[in-house]
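A quick write-up on the structure given underneath.
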Amino acid sequence: ESGELSELVCPSPTQGTYSLQFLDPLTRKLASGLTQDIRVQFQDKYPLRLDWSSNDGGASWTYFLAPRVTND
């Protein structure tokens, strides 16, 4: 059913920090019904990766977003 998590694979705990300035407009577009399934991949200090298809599988998309840099 729409809006449900179909699968979650998390082999080990991880976290990532990404800028909402770039992520928010894309997630709003995807939430509008552009696609049914979105694959999200991330891990410590690596880019966020989003994969999805549109046009009934006629187009495949991959979006990368670099992690937010902090001065630790």
The one condition in (1) free of Cβ contacts under 8 Å to residues at least 24 places away in the same chain; (2) over 15 Å from the mean Cα position of the chain (by Cα) that residue 70 fails to fulfil = (1)
Taking the residues in segment 26-72 that are in contact with a strand residue (DSSP E or B) (Cβ under 6 Å, 6 or more places away or on another chain) and among the hydroxyl-bearing types (Ser, Thr, Tyr) as candidates, determine which candidate is nearest to residue 5 (Cα to Cα).
-> 35
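The numbers here are math on the coordinates, done by the rules we state, and not lab data. Here the structure is a predicted model, which is why all the values come from computation and not from measurement. Note that we place each Cβ from the backbone using ideal geometry, even for glycine, and neighbour counts take in every protein chain shown.
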